[in-house]
Each structure stands twice: as C-alpha cells, then as structure tokens.
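Throughout, read-outs are computed from the coordinates displayed, never taken from laboratory work. Since the model is a prediction, treat every value here as computed from it, not as a measurement. Ideal geometry is used to build each Cβ from the backbone, glycine not excepted, and the neighbour counts take in all protein chains shown.
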Amino acid sequence: MAAIIEMESVSFSYGSEAEHALDDISLRVEAGDFVGVIGPSGAGKSTLAACLSGAIPHHFTGELFGATRIDGTDTCEVTLTDIARIVGSVNQDIDAQMVASIVEDELLFGLENFGVDHADIERVMSEALDAVGIADLRHREIATLSGGQKQKVAIAAILALAPRVLVLDEPTAALDPVSSRMVFDILRELNRTKKITVIVIEQKVALLSEYCSRMLVMNAGRLELEGTPHEVFAHGDRLRAIGVDSPRTVRISNSLARDGLAVPTEPCLNVEEAYRLIRDTLSTVPGIGERAADEPEPSPHVPARPHAEGAEPVLTLRDVGFTYPNGGASVQDLSMTVYPGELVGIVGQNGAGKTTLTKLLNGLLRPSQGAVRIAGLDTRDTPVSTIAAHVATLFQNPDRQICKNTVLDEVAFGLELTGVDPSAARERARRVIKRFGLPATEAPFSLSRGQRQMVALAGVVVMEPDIVVLDEPTSGLDYRECMTVMETVRDMAEHGSAVVMVCHDMEVVSDFAERIVVMADGRILGRGPASDLFADRDLMARSSVTPPQVIDLAQRLAHDVSPAFSHITEVSDIVRTVKELMGRA
Amino acid sequence: MLNVIDYVPGDTLLHRLNPVTKLALAAAIIIATFLSDTYAALVGLLAFTLLLAVYAGVFGRLARLLKLLVPVALIMLVLQLIFVRSGETLFAFVTDAGLVTGGKACLRLLGVALPLVLMLMVTKLNDLANACVEQLHLPYKYAFTFTTALRFVPVFSQEMNAIIEAQTARGVAYDTNNPFKKMKLMLPLCVPLLISSVSKTDATALAAEQRGFYLRTRASSYKRYPIVGRDVVTLVVCVALIALGFVL
C-alpha cells in the first residue's frame, strides 16, 4: 500500500532561539492505519499533529527543515486549504474548533466552502451525522451540548468533508471514560468501514492501546519507539523512563515475564489478555480452578490511618440537597463524613453531580436542604472568604486560578487573602516553591501546562488547609506530572489535611484514595473502602464506572482461578500471589 | 447565565422573514425612535417592539433584558432631572421641562436598545451572516467576524465565571457590596481572560481555515435568502415607520 503521509527528517522550532520542538522525525503512515501517538508533555506531539495537518508551516511560524509529504505532495508547496481536502483535523479545544452556533450550520460551513454540489449536501450531511450517531442533535445549539456531544459534532463536521486522513489532538482530554470510549468506537468504525487513516494523540494509554494498530512514542521531539501496541509495551521500562504510563495489565505481564513466571510472550493490553495469561500459567498448579470460590475470602484489613480513633470529623454533609435555579444537575440526600488525614475519591459519570458536590464543599454553592459543616463552620452562614482559610481547591484548569505576575506572588496570594502578614506569607510561599523546584520570579503564564498546575498546587499546599478539594487534578498532565501532583496530595493527607478528590482516572483513584463515594444522577449510590466498592460489579454498572484494571482482573481470577486473588488492588500483589501459587506446585 | 441574544426557535412570520429585512425593521424602529419627539410616538414604537416580541414568543426573554435596562433608564431620568434647569420647579430640584425631556430620554434608551436585540433573538447568527453576504454583498470576512464575536460572548462569560469562581474559592471577597472594591478585585482577572481569549481566537481561525474559509464566495451558502413578498411588505412598513418618526 502507498504511504499517505511521509515525513523525512523533519525538524521544527517555534523561533530561531527556541529549542527544536521536533527533532529529525522520519515516519511513514500507510493508508488505512490507525496510529496512536503517545509521549510525555513537551515531547512534541501537538507539533507533530500541526505538521500533519498543515498548520505548520502555514499557520504557526518557525524554522522548518525536512519534508512532510501528504499523498505525495510537500506541504510547503500547497496551501493549507488544499491540505485540508485530504487531512481533517480536530484540535484540543473543542469550543474553539466550532465556527457556528447550530450543529447543522457547523457541518454546512465546510461543505459550502469546499463547494460541495448543493444537490448532494443534504445526503452528505445526514450521512456524517449518522456515522457518529448524532442525527437527533442536528438542530441543537452547540452551546447547550455536553463535552462528548461537542466532540462528536466536531468529528462529524470534519467527516462530512470526506477526508482521507483524520488527525486528532487529544480528542478525549475533557471527556469522561464512557464518552472517551464512544469517541474511539466512532474512530474505529470510520477507520474500518470508510478506510479513513486515523492519527490520534492521546494520554489515556490503556484506551488507546485497544484501538490503534500502530503506536508512535515521542520524547523530546524525537521518535523514541514505534510498532504495534504489543511491541511498544514490551519496552515497559523504557517507557517509564521517559515518563509514559503503561496499562496496568502490561505491568503485570511484563513483571511475570521478567521473573520467569510466565512464558514471555506479548504484553497483555487488557484485562482479558492478562486473565488468560495468568489462568494458563497457573493451570499446571494442582488444585487451581477446581474449587473456584463462590464466596471470596473476607477482605484483609485495609490499613487505616490514625484518624479514625476518636478524631473529630473535619467535614460533614447531612442530607444535603441543591438545585440550580435554571435547571442543571441537582443533587439530593448527600451525606458523608470525612476525617482529617483521609483521602476520599468521588467517582461517577459526567453529570452525576460531582462538581456540584465540590462546590458545596468550598462554599461556592450553599445547600438548599441539609447542612454542610466544615471544621465546625456551617457553610450557610459563613462567607466564602472565611471558608477559604479552611478549604483549598485545586481546579482542573490552573489558568483560571492563576492571576499574579510572578510565581512567588501567586503562591503567596491565597495566604495574604486570609489575612496572613505579607512578609510571613512570602516566607512560607518561598519554602513551598523551593520544595517544588519552581522558578519563583518567572511569570506563571510563561511556564508549561504541567508546571502551571504545579504552581496552582503550590498555592494550595502553602495554605495548609484542613480540607483539600481536587477537581480533576490530573487531567491534561502526563504520567510523571500526574504522579508528582498525587504524591504531593498524599503527603498533605499524611500531614493531617482531609482530601476530597473528583477524578475520572480510576487507576489514580484506586492507587491513592482509601475510600470512595460513588455518585450517579445527583445521589450517592455507595461509599466505603475503594477496593470493596470497585469490586462491586452491580454498583459499578449502575454508576457507569469502569473499575480499575487490577481490581477487575483480581476479581475474575478470584472467582475462576484461586480465592487468593480476592481484594487485590495493586500490580505487585497480583505478581506476588502468582509467585506464591506457583511455589505451591 | 443564559444569554439574552440566544436564538429562540419558532415559526412565526417574524422568524421567517429574511434576516436582512429583520435588520431593516430593527433599524427603522430605531431611526423612528430618534426622529420622533412626542410621547405618543415613543410609547407607540416601544409598544410595537414589545408586541412583536409577544408575537414571536420571546417576550419573557426580552423582559429579562428590560429588567436590566430599566434601572439604567431611571438613572438617565435622574441625571436629566438634575441637569435640565429650565421650566417651572415642581418639587425639590425637579422641573417640568426636566421631567418631560428626561422621560423621553428614558423611552428613547429603551426604544433603541430593544429592537436590535429582539431581531437577534429570532434570527440564527449564521442566517444573518449568509443573508447579509447574499443580499447586501457584505464581504464574508466581516460577516464571519461579527457572528464569531457574538458567539464568543457566552463562551467568554462562562470563562469569566469560572475564573471568578476559582478566585472566590481562594478567598477573594467578590461578595463585597462596594462596587469600586469589586472592580478593583476584578481587574487582575483580565490577564487570564485575555490569554485564554487570544489562544481561543487563534484556534478558531485555524479551524476555519482548515475548513476552507478562504474558498467561500457569495454563492457558497447552501441556504438561499431571497427577498419575497412578505419582505417587501415589511420593508414598506419600515419606510412608513421612518416617515411616521419624521412627522410625529
């Protein structure tokens, strides 16, 4: 097959002084491929996407070397519009991608511009809408759609132009797991039925590895690895060294292979593959699988933090209800208690009321029924600025939080607001900045996205709050940044802060939260130890939450292979249990 | 916060008029409001606008805007009362001439603000842009700029709200009642807002270009916006309105 895209020693820098964002990249993409691009932030993934879509050299300026050929034509020799006839691109910011206010007009825009025969427009438009399954949204206003729906509109609008290549830059960054999967299902369908070549940049490696046929791993502007997902993830250690996460099942199979426990075949990309590998490995062990446990063994005691013994709860919600005046996700009957030093995860689909709950905690919303008590204060008769001294919030988007000209001012700002003497505030801020290794005198907006999140986090840490509220603290961060943020948060919990965290990444929740609260439709469906609730299949299904891979795997193994696997939540425990069972043989 | 200029779907005559005609109608009402100088005409024009709103089923939405505008109009009235010193004093500093001109200024303010908003409520922005390109031969670039600017208003106000929420949660006392203090607290937020707006507009420009913005011509639009009978009749009404404004 012919290569639809060819890059030949392409280097690019956003200015003559700047470092190379792309450094001598050569690659070929065959027509019909489904290519996934992963890598830590700052690796040049978005720059690569810009090269492929023609935005480099036609929109962004800088120094470009080498040649990018799309369908045999050098992108420098044709206009952006001509490139767009072959390559359709979907950018990170969904809102900025839209050019119209009604879904139908959004699709019409490109069709009209490219001069599609008016007699065909109706047919093309309804085909594109059907292909992504949003025919019912045709006359809706885009502003009223959810993130997932908007993303589908963006894809439909590009699809209507019948591109041969789709380039998507983190299309699921703002979506919950269910919508993310839906977007990938659509992409797979387009790739299979319409033979559209798909190139997608993604942080969610576990999801991506299930869909793509080839993977490119980028690091520092270079192509580090390429191959099928199985080939790429066989290099788990190398990926970890450059800051790329592997799916947990890959870690399990790689560890087993390294310890010589399993036949070193290909890494397991999903729970099903890992399940088969371990089942087959253990099939030689006598007694395994014959007396499968119907009743799992009782839960080993979850290591409790010292809080529970007689400590006063720092946060209590009693039968809290809230309804927005003009509709929107309302919440009812929320009751929960959080003790100092606890790390509680809130999980559930988009629209389940998680964000409303966090706003009730930091006083941005006042309950219409029930009461929220924070460190002894009733939020209903306490000004938000007073609550702010007790509750610090880390928002999903650090840019909304940052408003000062230097990192030092920014970090000290929250303290000054709560009435701490400016020089003392700066002293404390300096200490935290030093611990985080941030540049104190730089302007926060000149830093990278990950560093800006760290600045915002430093602003939270410096407050030494009773309660920390985190709203999607890890979205948009790469694996290494995500771990730094979460370890800092855990550290705060160990120093006595109560942490309440809303997060879509169930692996992160299961790694760090000891308790979770499961929400759906504005209600709490369950709360308790994370490992127990994640193992409750019925609860997970009712709240549309996908349990973390390790817990899912452990549960299946406990049921079919050996009860020794029940209640395992970590990769190392699975490996250890397999080892022990093998030892018995 | 709901946007007052959001499109309200409907199938009334007002909805079905050519967007250019609607624009002309709004302009005619505004011009007539400026020209006329009697209470009867001013009240009549305002009532006409409100009746149109009732007919198009957007009165509720318009009333919300009215709620914001009435205090502004009242401030205008008070200012007029203070500054117009001619005529006989009725009580305190209020003169009869002041009351008359002040009242008219009030009505003018409302009469000028409402028609255009009403028209935007019953017209999709894309239709407006395409019709202006087709009928008024406006270059598409300008039409696109205008519609995009309007479309960004709610996007930016959402962004602003999110920023204010984040700052409130940090302890910035936006709940103060002192408007000057609030203003001073709001100013630093312009920086993050500006940064996010610039990057958003740049991304939109790129997205538009990647979908063939530069290929677009007058004939590109799939929907046609011909001037038909009902438009001609409305345009005659427009001329009549302006003439009425002259006379009264």
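Of B:Met186, B:Met121, B:Met160, the residue with the greatest mean-square motion in the GNM of chain B, using alpha carbon springs below 10 Å, is B:Met186.
What is the fewest-to-most order of A:Asp521, A:Asp399 by other Cβ atoms lying within 10 Å of their Cβ?
Working: A:Asp521 16, A:Asp399 23.
With the fewest neighbours first, A:Asp521, A:Asp399 line up as A:Asp521, A:Asp399.
Backbone geometry of segment A:463-473 corresponds, through the Karplus equation with coefficients 6.51, -1.76 and 1.60 at θ = phi - 60°, to 3J(HN,Hα) couplings of 6, 6, x, 6, 10, 10, 10, 10, 10, 6, x Hz, x marking Gly and Pro.
For the pair A:Ser335 and A:Ala135, label points projected 7 Å from Cα toward Cβ lie 4.7 nm apart.
Report, as an integer, the average count of C-beta atoms from other chains found within 10 Å of each Cβ along A:136-143.
Counting other chains' Cβ atoms within 10 Å and averaging over A:136-143 gives 2.
Which shape class applies to segment B:195-240: rounded if a/c is under 1.5, otherwise prolate when a/b exceeds b/c and oblate if not, where a ≥ b ≥ c are the square roots of the Cα gyration tensor eigenvalues? Oblate. Averaged over the residues of peptide B:190-203, the number of Cβ atoms from other protein chains lying within 10 Å of each residue's Cβ is 4.
Look at the stretch A:94-107: the mean tally of other chain Cβ atoms within 10 Å of its residues' Cβ atoms is 6.
Can you name the helices of chain B, as whole DSSP H runs, whose Cα span along the helix axis is 18 Å or more and whose Kyte-Doolittle mean is not below -1.0? Mind dumping the intermediate values first?
Numbers: long enough: B:19-35 (24 Å, 2.00); B:39-56 (25 Å, 2.18); B:59-83 (34 Å, 1.94); B:96-121 (38 Å, 1.50); B:140-170 (44 Å, 0.16); B:190-210 (30 Å, 0.68); B:229-247 (27 Å, 2.13).
Within chain B the helices that satisfy the rule are B:19-35, B:39-56, B:59-83, B:96-121, B:140-170, B:190-210, B:229-247.
Placing a label point 7 Å from the Cα of A:Glu226 along the Cα-to-Cβ line, the residues of segment A:165-197 whose backbone N sits under 20 Å from it are A:165-170, A:196-197.
Among A:195-208, B:221-234, sorting by the average number of other beta carbon atoms lying within 10 angstrom of each residue, highest first, gives A:195-208, B:221-234.
For chain A, adding -39500 (n - 2.57) for each run of n ≥ 4 DSSP H residues and dividing by the number of residues yields -11500 deg cm²/dmol at 222 nm. Mean residue ellipticity at 222 nm, helices only, chain B: -24500 deg cm²/dmol; runs of at least 4 DSSP H residues each add -39,500 (n - 2.57), and the sum is divided by the number of residues. Given the pairs B:Lys124/B:Lys223; A:Lys354/B:Lys181; A:Lys195/B:Lys200; A:Lys152/A:Lys204; A:Lys150/B:Lys67, which span a C-alpha to C-alpha distance of over 24 angstrom in this model? Exceeds cut-off: A:Lys354/B:Lys181; A:Lys195/B:Lys200; A:Lys150/B:Lys67.
The phi torsions of segment A:509-522, fed into the Karplus equation with coefficients 6.51, -1.76 and 1.60 and a -60° offset, translate into couplings of 4, 6, 6, 10, 8, 8, 10, 10, 10, 9, 10, 7, 6, x Hz, rounded to whole numbers, with Gly and Pro shown as x.
If R0 is 45 Å, what FRET efficiency do you get for B:Ala47 and B:Phe180 from their C-beta distance, rounded to 0.05?
0.75
Residues A:Ile134, A:Ile574 in ascending order of nearby Cβ atoms (within 10 Å, fewest first): A:Ile134, A:Ile574.
The listed peptides A:499-512, A:437-450, ordered by packing as a protection proxy, come out as A:499-512, A:437-450 (highest mean of other Cβ atoms within 10 Å first). Counting beta carbons within 10 Å around each of A:Phe184, B:Phe156 and listing the fewest first gives the order B:Phe156, A:Phe184.
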